[in-house]
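Single-structure report; data block below.
The values are calculated or read from the model by the stated rules, or taken from the named source; none is laboratory data. In this text the structure is predicted, and so the values were computed from the model without any measurement. Using ideal geometry, Cβ is built from the backbone for each residue, glycine included, and neighbour counts are taken over all protein chains shown. To get the accessible areas, we keep the full protein, side chains included, count just its heavy atoms, and leave off ligands, DNA and RNA. Shrake-Rupley method; radii C 1.70, N 1.55, O 1.52, S 1.80 Å.
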Amino acid sequence: GMAAELLLLLLVAAGPGPGWAGAGRERRDALREELLLSPLPTGDVAATFQFRTRWDADLQRGAVSHYRLFPKALGRLVAALGVRELHLALTQGFWRTRYWGQPPLQAPAGAELWVWFQPTVTDVDKSWKELSNILSGIFCASLNFIDSTNTVIPTASFKPLGLANGTDHNLLRYAVLPREVVCTENLTPWKKLLPCGSKAGLAVLLKAERLFHSSYHSQAVHIRPICRDASCLAVSWELRQTLTVVFDFFSSGQGKKDWSLFKMFSRTLTDTCPLASQSKVYVDISPKNKEKELLEVSPTPTSVHEAIVQGEKKTYAVYDLLSPSLFNTSRSLNVQLKWTRPQDSSEMPIPTLHAQRYVGGYGLQTGEICTLIYNTHPYRAFPVILLETVPWYLRLYVHTLTIITKGKENKPSYIHYQPAQDRRRPHLLEMLIQLPANSVTKITIQFERALLKWTEYPPDPNHGFYVGSSVLSALVPSVTAMKDMDVEQSPLFASLFPSSDGSSYFVRLYTEPLLVNLPTPDFSMPYNVICLTCTVVAVCYGSFYNLLTRTFHVEEPSRGGLAKRLANVIRKFRGVPPL
């Protein structure tokens with residue numbers, strides 16, 4: 001009897017059986033993976049990978065002990081530090097919006113990190129410091145250099161992309177390291193977070209040798225809470241790992257604008273990730289110019305999907321890797337893109353919103369930051385939020401801020417400025433500016449260069465000092481009326497940013513980072529001085545010291561021995577001078 005009771009107690013304590021738990025977890029988390037191939041107007045091609053892991057679990061309570069698809073390193077990080085939303089991007093190169101069009105997901109050059117913390121976090125700055133150090137270790141990046149001198153608290157630019165009850169901007173932190181160099185040591189830990197790693201599915205194509213032989217490379221991690229269902233009574237957690245790469249058809253050595261998966265990645269797709277509930281390849285076959293030049297893809301796609309993405313009508317050829325017929329004909333899938341006739345890129349479509357930034361002025365004392373924002377929409381005006389973060393050693397003169405549109409002054413309807421403190425915090429300038437239709441808006445602000453202490457210069461001071469990219473956030477009016485999309489069928493990036501209504505879509509753009517020269521001392525001068533001083537000391541002081549301390553003795557000439565005297569007698573007889 002006692003043995004039976006003990007067995008019953010053990011069964012109750014153990015909970016449901018392993019089969020039931022496995023089936024429950026099967027429903028609780030899901031992985032979707034996709035690859036979007038977009039031929040660009042210049043003849044290059046952009047490949048955007050996106051891996052979305054959705055988990056119906058409450059990470060914040062810390063009650064989760066079993067991790068299946070969601071990476072444990074990130075899950076425990078979210079629970080321990082009270083993170084509500086995390087966005088990290090590591091980018092090499094610059095997305096040229098003017099020539100390549102609007103990117104699916106853009107990021108500034110270098111490393112960008114912005115995080116919303118839970119209202120329960122008491123010391124946000126301490127959690128922010130811990131978080132950046134832990135992420136630095138996970139992704140093998142220099143995020144530990146994020147401190148108060150490059151961290152800002154934006155008030156309007158970075159709203160939560162996930163569920164948010166109230167937006168107290170004091171819970172937000174934003175930082176950019178424009179000098180961060182991204183390479184294979186950052187890609188490897190990023191790939192290890194994927195449920196299948198790089199062994200199966202779309203991640204097989206992620207060959208570092210090919211990815212970094214490209215014009216632009218950006219990898220990102222986005223974690224946010226989302227609604228579990230339409231009623232939104234429960235919260236699910238979503239992890240998106242995105243990777244965007246642009247292959248230049250000149251550097252590829254082909255000289256042609258025909259592409260294939262093998263030409264891009266030196267690999268083809270052979271099997272699916274067994275953990276993925278959806279695995280698709282989208283190819284953008286929309287006509288790129290007025291001649292309606294079409295793109296041929298082979299083999300024949302599983303289906304063709306039309307959607308309104310970023311205000312334009314797009315046509316996608318879709319390859320469903322989970323479709324049983326796809327791998328029947330051949331063992332591997334090598335998608336090939338071929339233009340129906342040679343492309344003439346004389347008339348390239350210009351994006352509705354794009355911007356550029358540069359440094360003006362002369363000399364090493366004062367200068368000027370100029371930002372040009374273009375609205376090419378023929379008849380619609382719209383506002384844009386501009387965020388500028390400038391390091392403390394460039395001293396901004398806010399009274400010199402001018403905003404000129406079509407030759408007239410354009411007053412911002414909202415402006416937030418936080419002045420810098422030397423060696424403590426950077427300048428933060430946020431403005432809401434109205435952009436008239438078909439216009440160019442020029443924003444200029446003057447600055448003075450500060451003198452740094454000689455220990456504050458980097459090892460290569462003559463390379464210059466980086467100023468992070470400006471951030472533009474806007475709801476851009478769409479050229480084509482947008483209708484309700486089937487979210488499950490459309491590419492994943494369409495659901496990351498919230499769209500307000502059918503008439504506009506959200507865009508976040510980044511300008512170029514700036515490289516500014518500061519007054520730099522001649523660091524070789526101490527070496528020259530030391531060499532010269534040592535030489536003078538050695539020659540002059542040494543000679544004087546020698547003369548002052550040496551004692552002189554006068555030696556009496558000795559008469560010599562017997563042999564010498566005999567020799568002198570003989571020499572005297574011979575008439576020869578004596579010795």
Please compute the per residue accessible area over the stretch 312-457 with all protein chains in place, 1.4 Å probe, rounded to a whole number of Å².
54 Å²
No Cys partner within the rule (Cβ under 4.7 Å), the chain:
Cys140, Cys183, Cys370, Cys531, Cys534, Cys540
Taking the Cα centre of the chain as the origin and placing charges on Cβ (Lys, Arg +1; Asp, Glu -1), which of Thr188, Val309, Leu452 is farthest toward the positive end of the dipole?
Leu452
Descending packing, highest mean Cβ count within 10 Å first, for 427-433, 184-190, 368-374, 111-117 is 111-117, 427-433, 368-374, 184-190
Evaluate E = 1/(1 + (r/R0)^6) for Thr167 and Asp147, where r is the Cβ-Cβ distance and R0 equals 25 Å; express this FRET efficiency to the nearest 0.05.
0.50
Distance in nm between Thr535 and Lys411 label points, each 7 Å along Cα→Cβ, equals 6.6 nm
Among Ala538, Pro349, Gly367 - extreme Cα towards positive end, dipole of the chain, charges at beta-carbon:
Ala538
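Where Rh denotes the Kirkwood radius from the mean inverse Cα pair distance, what is Rg over Rh for the stretch 30-256? Please report the intermediate quantities before stating the final value.
Numbers: Rg = 17.9 Å, Rh = 18.5 Å.
Looking at the stretch 30-256, the ratio lands at 0.97.
How do the peptides 166-178, 351-363 rank, highest first, by the average count of neighbouring beta carbon atoms within 10 Å per residue? Don't skip to the end; give the middle numbers.
Numbers: 166-178: 18.2, 351-363: 16.5.
Output ranking for 166-178, 351-363: 166-178, 351-363.
Within the stretch 30-256, how many lysine pairs that are 8 or more places apart, or on different chains, have C-alpha atoms less than 15 Å apart?
For the stretch 30-256, the number of qualifying lysine pairs is 6.
Seen from all sides and averaged, what is the projected area of the convex hull of the Cα atoms in the chain, in nm²? Please report the intermediate quantities before stating the final value.
Numbers: hull surface 224.2 nm².
One quarter of the hull surface, i.e. the mean projection, equals 56.1 nm².
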Report, in whole Å, the centroid distance computed from the Cα atoms of the stretch 61-109 and the stretch 361-429.
28 Å
Just to check I understand the Karplus step: with θ = phi - 60° and J = 6.51 cos²θ - 1.76 cosθ + 1.60, what whole-Hz values come out for the stretch 262-267, glycine and proline as x?
5, 5, 7, 10, 6, 8
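Run the dipole for the stretch 30-256 about the Cα centre, Lys and Arg Cβ at +1, Asp and Glu Cβ at -1, nothing else charged, and hand back the magnitude in debye, nearest 20. Intermediate values should be presented prior to the final figure.
Values: 24 positive and 18 negative charges, 88 e Å.
Roughly 420 debye, rounded to the nearest 20.
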Which of the listed residues, Gln421, Pro477, Leu243, is farthest toward the dipole's positive end in the chain, when Lys, Arg count +1 and Asp, Glu count -1 at the beta-carbon?
Gln421
What is the pair-distance distribution P(r) of the stretch 343-473, computed from all Cα-Cα distances in 5 Å bins starting at 0, with each bin given as a whole percent?
2, 9, 17, 21, 17, 12, 9, 7, 4, 2, 0, 0
So what does Cys183 come to for accessible area, using a 1.4 Å probe and Å² rounded to 10?
50 Å²
Evaluate the relative contact order of the chain (contact order divided by residue number), counting alpha-carbon pairs under 8 angstrom at least 6 apart; express in whole percent.
14 percent
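Per DSSP helix of 4 or more residues, -39500 (n - 2.57); summed, then divided by the residues of the chain. What does that give at 222 nm, rounded to the nearest 500?
Details: 11 runs with 105 residues, N = 579.
Result for the chain, helices only: -5000 deg cm²/dmol.
For the chain, with only Lys/Arg (+1) and Asp/Glu (-1) charged at the beta-carbon, what is the dipole magnitude about the Cα centre, in debye rounded to 20? Please report the intermediate quantities before stating the final value.
Working: 60 positive and 48 negative charges, 444 e Å.
The dipole of the chain has a size of about 2140 debye.
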